[in-house]
Each structure stands twice: as structure tokens, then as C-alpha cells.
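Rule-based calculations on the coordinates, nothing more; no lab input. Just so we're clear, the structure is a prediction, and the values are computed from it rather than from any experiment. Here the Cβ positions follow ideal geometry from the backbone for every residue, glycine too, while neighbour counts run over all protein chains shown.
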Amino acid sequence: MSRKEMILDCINQAFNEEAWYPPLEQALKGVTSTQACWRPEGKAANTIWENVNHLLIYKERLLARLSGKAESFSMLSDNDDTFFQSSPDDEAAWQAVVSRTIEVHQALKQKLLSLQESELDTPSPVLPVWQQVTNIVLHDAYHTGQIVQIRKLQGSWPEQRSFS
């Protein structure tokens, strides 16, 4: 298996192919805007919606870099600014965020498929592409775990799950 194939496999497992843990796509399945805005107690707790926006921004930034459009992506002033959400009553806005998350994931995957193996070592801008993609995969897995935990706390995670 090539490095590129291994990275793509990790991307699939983190986002849409259940293996050792639920992927992000499954963690978001059936979540309503009200559930997405629910916040556990504590100042440091983020909502599902905040976590998804946070993931989306970093994935969009990586896609812009890999597409040679990094200048079109505004620099983040503060990591905390990436955790934001709309109103719990705005179901259309929540569904748009979920759809955008899926679209950006697919676009990133397509971009990686188009790269040559040697391009994985290209710095973009400082870290090589392979390391940035690996970081995104780990980032998705970390926050997906938080999303699943939030769903368990609010009672919206299925008591029994099966997957193949």
C-alpha cells in the first residue's frame, strides 16, 4: 500500500467508514439544530455545531492550500474564533453546515486522489502535505469523539449501534 493509499484510507475511516470508532459522518447523522446547539455544563464545553464549524474551517483552509488558493482563505486570528454557531431554531443553517462539511471532505479527498505520490512531500506552506492531511484526520477523530460524547450526554446517541 502506498502512502497516498494509506492516507486516503485514514481519511475514509475518520469521516465515513466506520472501523474502530464512529466516523464524523455517522456522528452527525440525524442531529437536529437544537441538538447541535446543546451545550454541556462548563465554560470549556463546546456544542456539536461549534465543533463542526471548527473542523470545517480547518479542512477548508487545507483544501485552499492544496488548490493553490491559500491567499483567498483569510488567516485565522484565533483558534477560539472557529467555534461558532447559529440559532438552535435555524435548522436550514445547521443542515447547510452539515452539507458543506460533506462537500469539503469530498473535495479534499478528490484533491488528494489527483496528487502524485511525490507531491505528498511538498511543503504547503511549511509542513509537507502528508503531515497536514494526517493532522486533519487526527483532528477529525478527536472532535468526532467529543461530538459522540455530547450526543451521549444529551441522550441523542443510540443506546445500541451496529455497523458492518
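Things worth noting here:
The rows are residues; the columns are (1) part of a helix (DSSP H, G or I); (2) among the β-branched types (Val, Ile, Thr); (3) under 22 Å from Leu153 (Cα atoms); (4) out of contact with any Pro (no Cβ under 6 Å at 6 or more places or on another chain).
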| position | (1), (2), (3), (4) |
| --- | --- |
| Cys10 | yes, no, no, yes |
| Gln13 | yes, no, no, yes |
| Glu18 | no, no, yes, yes |
| Tyr21 | no, no, yes, yes |
| Gln26 | yes, no, yes, yes |
| Gly30 | no, no, yes, yes |
| Ala36 | yes, no, yes, yes |
| Arg39 | no, no, yes, yes |
| Gly42 | no, no, yes, yes |
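- Selection of the stretch 87-111 for residues being in contact with a helix residue (DSSP H, G or I) (Cβ under 9 Å, 6 or more places away or on another chain), among the small types (Gly, Ala, Ser), part of a helix (DSSP H, G or I) and more than 21 Å from Arg65 (Cβ to Cβ) yields Ala92, Ala93.
- Residues of the stretch 107-121 satisfying the condition of being exposed (fewer than 15 other Cβ atoms within 10 Å of the Cβ) and free of Cβ contacts under 8 Å to residues at least 24 places away in the same chain: Gln110, Ser114, Gln116, Ser118, Asp121
- Unique residue being without any contact (Cβ under 8 Å) to a residue 40 or more places away in the chain, farther than 14 Å from Ile7 by Cβ and hydrophobic (A, V, I, L, M, F, W, C) when the list is Val97, Val148, Val126, Val104: Val126
- Positions within the stretch 138-164 being among the hydroxyl-bearing types (Ser, Thr, Tyr) and within 16 Å of the chain's Cα centre (by Cα), in sequence order: Tyr142, Thr144
- Residue within the stretch 55-76 that is closer than 18 Å to Gln146 by Cα, charged (D, E, K, R) and without any contact (Cβ under 8 Å) to a residue 60 or more places away in the chain present: no
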